[in-house]
Structures are given as structure tokens and as C-alpha cells.
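The block underneath contains the structure these notes are about, expressed in C-alpha cells.
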Amino acid sequence: VVTLGAFDGMHLGHQAVIKRVVELAHQHDAFSVVILFDPRPAFVHGWAASHHGEEPAVQNVDAEALTSVDDRLHRMEQFGVDHVLVVHYTLAFAAMSYIFFLGRLTGKLGMRTLVLGQDAAMGKGREGDVKHIANLAAATGVFELDVVDDRGPGEVRIPRDFKPEAPSEWGEPVDPLANATKAERRAWSKKNQAKAMRAWSSTNVRYLLAHGRIQDANAILGAPHSIEGEVVHGEERGRTIGFPTANLGSDIAGYIPVDGVYAGWLVDGENRWPAAISIGTKPTFSEKTGLNERVVEAYCITEEWIDLYDHKVRVEFVGFLRPQVKFDGPDQLVDELKRNVEETKRLTA
């Protein structure tokens, strides 16, 4: 029993599809198999479009990926998937006919059931949509198609070419369309050139994180959004005012939310500490991501000194606290950091 895709973020829609694969495999005493594309197809096609048809090299980092491949593999193992085949996604692979590809899955892999989400599409020009694949399955009788409702609670509207935008107010941002009338929604969509998108989608999660809406993003993910990196020596300015932080190096796996201060957790193996997390942007340009370098610092709320240098840690986000602002002096900064700590304690209680 097979499904396929990038599964970036492993949100509730992805989970519905994968759980169905495992369920059907158990029913038919078969293997559950996920074919995982890496890099993300959107990254490969987007890179080619902006680099004269060239594909990204190994050293080019997909800064828009919500989760690393390792994280996705770990989650799939937790869901009980028997085998994951990681397929290197290329433009040549994308040009393959969906009929030829499905023939390989049935002939070489032994696929007897294909599980897809409602708006899945594959093959050259994405011609292999659910309707065409269903017709092929019925005509050949070689495999069955099982379609899962993976759309979530309706549709949302997302600006077509949105950019990260930090909230200007303290506290978790609210949906700008939460109490809008139909006319106001239409006006907002027109002004922002918004397109309809299913609620359970990686694009929607990315949009929410890019606007500090952590709790809305986590509701779609079914777990706190997280990033991973190695703790390195920073400028240690926080230690001078009583707030030493764990600084993540430049090689961070996972989508970094928009600049601001967040409540969350710092996780090192089996150890978890509530943490106030600061994210900022350096003026330095990164060749790997094509974006400015980001700074992630986490202040662990604990009575003991923790030496995490050179440890690979995970930072989990549970809520947005405030934007990055400049304070008049160290006393005002310390007072604000104390408030951030108390709010973090409340959100992680």
C-alpha cells in the first residue's frame, strides 16, 4: 500500500493519508510504503525558474522547508510505516509520464493500492490527478485508488507572493479575516492578490509562521512547530544582564518563523525546558539559502546552569510574545525579559 509526496511539515492532512496507508496495509497483510521526494518539488521548480533552468546543487539549502527529511522519517516511523523510499527529485523525474510512473510502482514495487489526498497530482505537467488515476485503476484492474479527505476545515485565502511580516503588537496575532464580512473578505483578497488554499497545507503553515501566528500553525501541524540546530558560542551579551541564552549556529533545520520573541521549549534528548526564544535577522547574506542570516537564541527557564555547547537541540514554538524592539537601556530590557519569562511559564504550563 503506497503513497507519495514531499510531506513537508507532516501536518494533519499528511497524517490522515499516512494513517490510511498503515491501516489498509494491516487490513491486507501488506507492506505500508511512503515514497518521499527530496528536495521538495516546489523548491526544485522554483530554483529552476529563477536560475535559467538549472537545478539546485547539494549545497543550496531549502530555507522554505518546514521540516528536515530526518524529521519526516522519524515521524513516519512513529506512525508505523514499514518502508520509506527517499527519491531524489529532479526536473527529469518531474518530466516522467504519470502512466509510466504508476507502471513502475505496480511492476517493480508491487503496488496494489495507492493512497492519495483529494487534490494530489503527479507526472509531467501534473496531468495525473485523482480523476485520471482513478480511470487508469478502473481500466487496468492492476491497482486500487483510495482517496483520503485531507483538506481540513475548508479553505483559507493566502496572498499569492507573501513575504514574512513581523507583527507590530504584543501577544499572539489574530486572523485578520476572523470577523470579516463577505465584502471585507473580497476586498482583502483583492488588495493582497490572495488565492484559495486548503486549510491543511504546508503553504498555509508557512504563511502563518511568517506572520507570527504560531498557535494557528500548530493547530494544523497537530504538534508544536520546531527547528533544530547546534548550540554555538554567541556574543554572550545576555549573560551580562542575567539572561544567558543558547545560540543556534547557522545550519538550522526547519522553517524559522518571522523575527520576534516567542514562548516555547528547548529540547536536548530527553530533557525539556521552557524557553523564551528570540529570532532576529543579520545584515549578513547567506550563499546557502539566498537570504540574510538568521539568529535564534533560547533562554532556558531553569534554576541550574546548563552547558549545551556543541549539543544538537530542538526548539519548539508555542506562542508569539512580542516584536523585536529597541529599548532605552539595560534596565528596561531586563524588565521586559522578566515579563517574557513569566508569559512563557504561563504558555508552557
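Accessible area per residue for the chain in Å², computed with a 1.4 Å probe and the full protein assembly in place, what is it? All intermediate terms of the calculation are to be shown ahead of the outcome.
Numbers: 18580 Å² over 349 residues.
Accessible area per residue, the chain: 53 Å².
Any idea how far apart SER286 and ASP119 come out in nm if each label point goes 7 Å out from Cα toward Cβ?
Going from the SER286 label point to the ASP119 one covers 2.9 nm.
Check each of the trypsin sites (Lys or Arg not before Pro) in the range 128-174 and keep only those in coil by DSSP with at most 15 other C-beta atoms within 10 angstrom; list them in order. Provide the component values of the computation, followed by the final result.
Details: sites: LYS131, ARG151, ARG157, ARG160; in loops: ARG151, ARG160.
When the trypsin sites (Lys or Arg not before Pro) of the range 128-174 are filtered for loop state and at most 15 Cβ neighbours within 10 Å, ARG160 remain.
Apply 1/(1 + (r/R0)^6) to the Cβ-Cβ distance of ARG186 and LYS338, taking R0 = 51 Å, and write down the FRET efficiency to the nearest 0.05. Could you put the intermediate results ahead of the total?
Working: r = 45 Å, r/R0 = 0.87.
About 0.70, to the nearest 0.05.
From the protein chains alone at 1.4 Å, what is the descending order of accessible area for ILE252, ILE279, largest first? Kindly include the intermediate steps, with their values, before the conclusion.
Working: ILE252 30, ILE279 0 Å².
Descending order: ILE252, ILE279.
Considering only Cα-Cα distances, which of the following residue pairs are longer than 23 Å: LYS19/LYS124; LYS191/LYS326; LYS163/LYS282? Provide the component values of the computation, followed by the final result.
On the way: LYS19/LYS124 28 Å; LYS191/LYS326 31 Å; LYS163/LYS282 17 Å.
As for pairs spanning more than 23 Å Cα to Cα, those are LYS19/LYS124; LYS191/LYS326.
If ligands, DNA and RNA are left out, what is the accessible area of GLU342 with a 1.4 Å probe, given in Å² to the nearest 10?
110
Between GLN193 and GLU155, what is the label-to-label distance in nm when each label sits 7 Å out along the Cα-to-Cβ direction?
1.9
Carbon-plus-sulfur fraction of the accessible area of the chain, 1.4 Å probe, in percent? Mind showing how you got there, number by number?
Details: 9400 of 18580 Å².
After summing per-atom areas, the C and S share lands at 51 percent.
Hey, what do the phi angles of the range 179-186 turn into as Karplus ³J(HN,Hα) couplings, whole Hz, using 6.51/-1.76/1.60 and θ = phi - 60°, x for Gly and Pro?
10, 6, 7, 4, 5, 5, 5, 4
When only the heavy atoms of the protein chains count and the probe is 1.4 Å, how do ARG198, ARG185, ARG346 rank by accessible area, highest first? Provide the component values of the computation, followed by the final result.
On the way: ARG198 45, ARG185 100, ARG346 145 Å².
From most exposed to least exposed: ARG346, ARG185, ARG198.
Calculate how steeply helix 12-27 sits against the longest principal axis of the alpha-carbon atoms of the chain, using the helix alpha-carbon long axis, and give the answer as 0 to 90 degrees to the nearest 10.
It is inclined by approximately 50 degrees.
Work out the FRET efficiency for ILE306 and LYS345 from their Cβ-Cβ distance, taking R0 = 25 Å, and round it to the nearest 0.05. Intermediate results must be reported in sequence, preceding the final value.
Numbers: r = 17 Å, r/R0 = 0.68.
Result of the calculation: an efficiency of 0.90.
Order PHE285, PHE93, PHE37, most accessible first, counting only protein heavy atoms with a 1.4 angstrom probe.
On the way: PHE285 115, PHE93 45, PHE37 20 Å².
Listed by decreasing accessible area, they come as PHE285, PHE93, PHE37.
Only sites in a loop by DSSP and with at most 12 other Cβ atoms within 10 Å count here; which GluC sites (Glu not before Pro) in the range 187-236 make the cut?
On the way: sites: GLU228, GLU230, GLU235, GLU236; in loops: GLU235, GLU236.
Those satisfying the criteria are GLU235, GLU236.
Before rounding to the nearest 500, sum -39500 (n - 2.57) across all DSSP H runs of length at least 4 in the chain and divide by the residue total; then give [θ] at 222 nm in deg cm²/dmol. Can you show the working numbers first?
Working: 11 runs with 107 residues, N = 349.
Helices in the chain give a 222 nm mean residue ellipticity of -9000 deg cm²/dmol.
Are there chymotrypsin sites (Phe, Trp or Tyr not before Pro) in the range 301-349 that DSSP marks as loop and that have at most 12 other Cβ atoms within 10 Å, and which are they?
On the way: sites: TRP305, TYR309, PHE317, PHE320, PHE327; in loops: TRP305, TYR309, PHE327.
Filter output for the range 301-349: TRP305, TYR309, PHE327.
Full extension from ASP129 to LYS108: what is 0.36 nm times the residue separation minus their Cα-Cα distance, to one decimal in nm? Please list the in-between numbers first.
Values: separation 21, 0.36 × 21 = 7.56 nm, distance 2.17 nm.
Length gained, ASP129 through LYS108: 5.4 nm.
The values are calculated or read from the model by the stated rules, or taken from the named source; none is laboratory data. Note that the structure is a prediction, hence the values are computed from the model and not measured. FYI the Cβ positions are ideal-geometry reconstructions off the backbone, even for glycines, and counts take in every protein chain you see. Note: areas computed on protein heavy atoms with side chains; ligands, DNA, RNA excluded. Shrake-Rupley method; radii C 1.70, N 1.55, O 1.52, S 1.80 Å.
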